[in-house]
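All remarks here apply to the structure that follows.
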Amino acid sequence: MSNLENSNWVKFLGTAGARFVMISQVLASGGIWVSFAGTNILIDPGPGSLVRCAKSRPRLNPSKLDAIVITHRHLDHISDINVMIEAMTEGGFKKRGLVLLPKDALTQDPIILAHCRKMPERIIELEARSDYRIGNISITTSERLRHPVETYGLNVYNADKGFSLISDTAYFEGLEDNFKKDCLIINTVFLEPWASIEHLSVPDVERILLKMKPTRAVLTHFGMSMVKARPYKIAETIKNKLNVDVIAARDGQVLEIN
């Protein structure tokens, strides 16, 4: 990745979604590392995030993080938050970096331990349709998504280059209006709809892509039904059906954003 040092890229430290894929570690669950023009953020550090950073080649150094962003407080998105805060702040000896997260992640069963709350430079509560600046990266949140806890999607950009992340949510009318049409990363948990659980399925993704026609779509955060169906095959089927550039993310994959 040395040739990407000053460019815009993301690395999938894991593509696991839902509890059974996370628990079995059929797929890794470390979140998404984002590096835009030298500014580094980590989105949703789930189980194994620190290990995935250490085992990356070349290694990803958490002390170089400028921020950690949490889309919502479910375990597969936050289990490594405290250790990553310690790593970002070099064991708490350097008060640096930001943590951005929904309010209920601090007020209901706080996900950050008391001693770790003193380590970052700031802890910022995310709000709907709001703008945040972290070095060379600007983040705009979506409206609140349809999920059992407070959840936001993200538009992550450096000037005119970036991506949108549709985090965990049930489909609802107007969902697409929250996101840009460049590179669209979509948490795709189910192969088929499961009405009682608020996650996106492949038919939901097809509806989103048909309406948005993004430049590129990247599927990730796979549940067991997606794993069994082979995400790359699903992506290829959607691509041919809708004539949209669709790929399935892989654990450890680096995706250049240009």
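Where a number appears in this text, it was derived from the coordinates with a stated rule and is not lab data. Quick caveat, the model's predicted, so the values are computed rather than measured. Please note: Cβ atoms are built from the backbone with ideal geometry, for glycine as well, and neighbour counts cover all protein chains shown.
Which strands (runs of 3 or more DSSP E) sit wholly inside the stretch 1-98 and have at least 1 residues that are farther than 25 Å from Arg144 by Cα and of a type in the set (Ser, Thr, Tyr)? Working first, answer last.
Working: elements: 8-14, 29-36, 39-43, 67-69.
Answer list for the stretch 1-98: 29-36, 39-43.
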* Structure fact -> Screening Ile124, Ile112 for residues that are surrounded by 17 or more Cβ atoms within 10 Å (Cβ to Cβ) and touching a residue at least 12 places away in the same chain (Cβ under 8 Å) leaves only Ile112
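I need the full set of residues from the stretch 226-238 which are in a helix (DSSP H, G or I), surrounded by fewer than 18 Cβ atoms within 10 Å (Cβ to Cβ) and of a type outside the set (A, V, I, L, M), in order please.
Lys228, Tyr232, Lys233, Glu236, Thr237
Looking at Pro203, Pro193, Pro214, which is the one that is assigned to a loop (DSSP other than H, G, I, E, B) and out of contact with any Lys or Arg (no Cβ under 7 Å at 6 or more places or on another chain)? Show your work before the answer.
Values: Pro203 fails: assigned to a loop (DSSP other than H, G, I, E, B); Pro214 fails: out of contact with any Lys or Arg (no Cβ under 7 Å at 6 or more places or on another chain).
Result: Pro193 is the single residue among Pro203, Pro193, Pro214 that is assigned to a loop (DSSP other than H, G, I, E, B) and out of contact with any Lys or Arg (no Cβ under 7 Å at 6 or more places or on another chain).
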* To do: Mind telling me which of the residues Thr169, Thr220 ends up being buried (at least 22 other Cβ atoms within 10 Å of the Cβ) and in contact (Cβ under 8 Å) with a residue 60 or more places away in the chain?
  => Thr220
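Just name the residue that is nearest to Val149 (Cα to Cα) out of those in the stretch 99-131 that are in a strand (DSSP E or B) and not charged (D, E, K, R). Let's see the steps before the verdict.
Restricting attention to the stretch 99-131, the residues satisfying the condition of being in a strand (DSSP E or B) are 99-102, 122-126, 131.
Next, from what is left, pick out any that are not charged (D, E, K, R): 99-102, 123-124, 126.
Working: Val99: 18, Leu100: 16, Leu101: 12, Pro102: 9, Ile123: 19, Ile124: 17, Leu126: 13 Å.
Top of the filtered list is Pro102.
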* To do: Please indicate, with yes or no, whether at least one residue in the stretch 144-162 is touching a Gly at 6+ places or on another chain (Cβ under 9 Å), of a type in the set (Val, Ile, Thr), surrounded by 21 or more Cβ atoms within 10 Å (Cβ to Cβ) and closer than 16 Å to Ile185 by Cβ.
  => yes
* To do: Consider only pairs whose beta carbons are under 6 Å apart and that are at least six residues apart or on different chains; among these, list those whose first residue lies in the stretch 182-199 and is more than 16 Å from Ala249 (Cβ to Cβ) and whose second residue is assigned to a loop (DSSP other than H, G, I, E, B) and small (Gly, Ala, Ser).
  => Phe190/Gly223; Glu198/Ala170
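Hey, can you tell me all the residues within the stretch 15-54 that are small (Gly, Ala, Ser) and at negative phi? Step through it out loud before you land on a result.
Of the stretch 15-54, the ones small (Gly, Ala, Ser) are 16-18, 24, 28-31, 35, 37-38, 46, 48-49, 54.
Scanning the stretch 15-54 gives Ala16, Gly17, Ser24, Ala28, Ser29, Gly30, Ser35, Gly46, Ser49, Ala54.
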* Asked: Across the stretch 227-247, which residue is nearest to Lys55 (Cα to Cα) among those that are without any contact (Cβ under 8 Å) to a residue 60 or more places away in the chain and among the hydrophobic types (A, V, I, L, M, F, W, C)?
  -> Ile247
* Answer yes or no as to whether Pro45 is closer than 26 Å to Gly17 by Cβ and either of a type in the set (D, E, K, R) or free of Cβ contacts under 8 Å to residues at least 12 places away in the same chain (or both). => no
* Structure fact -> Going through (1) of a type outside the set (Val, Ile, Thr); (2) more than 15 Å from Ala67 (Cβ to Cβ); (3) under 16 Å from the mean Cα position of the chain (by Cα) one by one, Leu126 fails only at (2)
* Asked: If you check Gly92, Gly38, Gly97, Gly48, which single one turns out to be within 15 Å of Ile137 (Cβ to Cβ) and surrounded by fewer than 22 Cβ atoms within 10 Å (Cβ to Cβ)?
  -> Gly38
